[in-house]
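Chemist: Take this structure, written in structure tokens, and hold onto it; I'll ask about it next.
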Amino acid sequence: METQMVKADAQSIARAAEYIRMGEVVGFPTETVYGLGANALCPQAVHKIFAAKGRPADNPLIVHISDLSELDALVLDVPEAARRLMEAYWPGPMTLLLPRRPCIPAVVTAGLPTVGIRLPSHPVARALIEKSGCPIAAPSANRSGRPSPTRAQHVLEDMEGRVPLILDGGACEVGLESSVIDATGEVPVVLRPGGITPEMVSRVAGGVRVDEHVMKPLREGEAVRSPGMKYRHYAPRAQMEIFQGAPGDVARVICERYDAAPQHAAIFALSGHAPFYGMRRVFTLGSLAQDAAGTLFDLLREMDAQGVERIYSEAVEAEGIGLAVMNRMGRAAGFHIVEV
Ligand code: TXA
Ligand code: MG
């Protein structure tokens, strides 16, 4: 199959919608990361997403809508806390797990009784859903196990020959995937942190819990609330280690490790700390956790392209969006986090 990458405009969005209606899969931008979309109500189309990504069948997909009025046809019930979260943070980088209606094919939810719903804010994503006339099931548009794509070029790297069309809408604003929140109960539970932070959830829902696996690897055979938690994710080819502690101490230990490393090594650091590392090979995450969210996946792909074999990374503070950054970094590093 030939893959075309085209700038997103009214004409190309109409073409992409045509593909979706025909049961094909297309790459498209959202405010978080690029998605790989298909008609959520058509099992054959959704199967093609799993095939294109090489995704395990037990990992469910998020269903994207363009307007709140589409919600009732997809879910059985909207608890009060969920209603408040939608009012506050949709459209935006938040996915809510709700009890699904039987019309949603089992392949979308991996047979689970809930479905993840998201109303994205990106105008291209919303126009595409609207023009397609159906909800769109879409995971991140990377090959399974690779960092999520934050630029159309990343989608092309992973999906060339696997999908007919990729809409290029430029770089994604958030740069990390949406917050996934179980909203079926009275107190929302954050299963995957993202742009909508636990603090933001608590403020409008009157409480929040953060699943323990957000910052911890799974033990052998342990059950999870969200299947995506059990897969190695965001993984660069390099081995990665994260160092946590006072900045000066962290820098000293990273320098020691770097200097002793036999392999092609690199350092991830906040830009204010770059002087600690002298002439060593430093890639800056930006000056704040907020910047790190936007650069992390880009850097992980860049490391692969440059053949880096070891990454020594500073930790960022796991507060606000920093929790999402540390969750993705932790998973990229197999939760190899060293306290110094
Ligand atoms: O920002 C995003 O969420 C992007 C864009 C394209 O919208 N999508 C995305 O999808 O990141 P994906 O498939 O890469 O990640 C979805 C995560 C997975 O970890 C999956 O296991 C979890 O959400 N998930 C989806 N539906 C679920 C459900 N019913 N119950 C538990 N976890 C669910
Ligand atoms: Mg993904």
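The values are calculated or read from the model by the stated rules, or taken from the named source; none is laboratory data. Just so it is clear, the model here is predicted, and its values are computed rather than measured. Reconstructed Cβ throughout: ideal geometry from the backbone, glycine too, with neighbour counts over all protein chains shown. With ligands, DNA and RNA removed, areas are computed over all heavy atoms of the protein, side chains included. Shrake-Rupley method; radii C 1.70, N 1.55, O 1.52, S 1.80 Å.
Chemist: What accessible area per residue comes out for the stretch 76-179, rounded to a whole number of Å², with a 1.4 Å probe?
Modeler: 35
Chemist: Classify the stretch 244-340 as rounded, prolate or oblate, taking a ≥ b ≥ c as the square roots of the eigenvalues of its Cα gyration tensor: rounded when a/c is under 1.5, otherwise prolate if a/b is larger than b/c and oblate if not.
Modeler: rounded
Chemist: Looking at 322, 337, 305, which one has the Cα that reaches farthest to the positive end of the dipole of the stretch 299-340 (charges on Cβ: Lys, Arg +1; Asp, Glu -1)?
Modeler: Highest projection toward the positive end goes to 305.
Chemist: Hey, another quick one. Does the stretch 156-231 come out rounded, prolate or oblate, given a ≥ b ≥ c as the square roots of the eigenvalues of its C-alpha gyration tensor, rounded meaning a/c under 1.5 and, failing that, prolate meaning a/b above b/c?
Modeler: oblate
Chemist: How large are Rg and Dmax for the stretch 60-130 when only the alpha carbon atoms are used, in Å?
Modeler: 11.6, 31
Chemist: Hey, another quick one. With θ set to phi - 60°, apply the Karplus curve 6.51 cos²θ - 1.76 cosθ + 1.60 along the stretch 166-175 and write out the HN-Hα couplings as whole Hz, x wherever there is a Gly or Pro.
Modeler: 10, 8, 9, x, x, 6, 6, 5, 7, x
Chemist: Could you work out what % of the accessible surface of the chain is carbon and sulfur, using a 1.4 angstrom probe and leaving DNA, RNA and ligands out of the count?
Modeler: After summing per-atom areas, the C and S share lands at 51 percent.
Chemist: Apply the Karplus parameterisation 6.51 cos²θ - 1.76 cosθ + 1.60, with θ equal to phi minus 60°, to every residue of the stretch 101-111 and state each ³J(HN,Hα) to the nearest whole Hz, in sequence, with x for glycine and proline.
Modeler: 7, x, 5, 7, x, 4, 5, 5, 9, 6, x
Chemist: Just order 3-11, 87-95 by mean Cβ neighbour count inside 10 Å, highest at the front, would you?
Modeler: So the peptides 3-11, 87-95, ranked by packing, come out 87-95, 3-11.
Chemist: List the extent of the Cα atoms of the chain along each of their three principal axes, largest first, rounded to whole Å.
Modeler: The principal-axis extents, from largest down, are 57, 48, 36 Å.
Chemist: Write down Rg/Rh for the stretch 117-243, rounded to two decimals, with Rg from the C-alpha atoms and Rh from the Kirkwood relation over Cα pairs. Numbers along the way, then the final one.
Modeler: Numbers: Rg = 16.7 Å, Rh = 17.0 Å.
Checking Rg against Rh, the ratio lands at 0.98.
Chemist: Could I ask something else about it? Between helix 80-89 and the chain, what is the angle of the helix's C-alpha long axis to the longest principal axis, kept within 0 to 90° and rounded to the nearest 10?
Modeler: 70
Chemist: Ignoring everything except DSSP H segments at least 4 long, calculate the 222 nm mean residue ellipticity for the chain; use -39,500 (n - 2.57) per segment, divide by total residues, nearest 500.
Modeler: Helix-only estimate at 222 nm: -9500 deg cm²/dmol.
Chemist: Rounded to the nearest 5, what % of the DSSP beta bridges within the chain are antiparallel ones? Spell out each step's value before the answer.
Modeler: Working: 17 of 47 bridges.
Beta bridges within the chain, antiparallel portion: roughly 35 percent.
Chemist: In the neighborhood of residue 150, defined by Cβ-to-Cβ distances under 11 Å, what is the net charge if each Lys or Arg adds +1 and each Asp or Glu adds -1?
Modeler: -2
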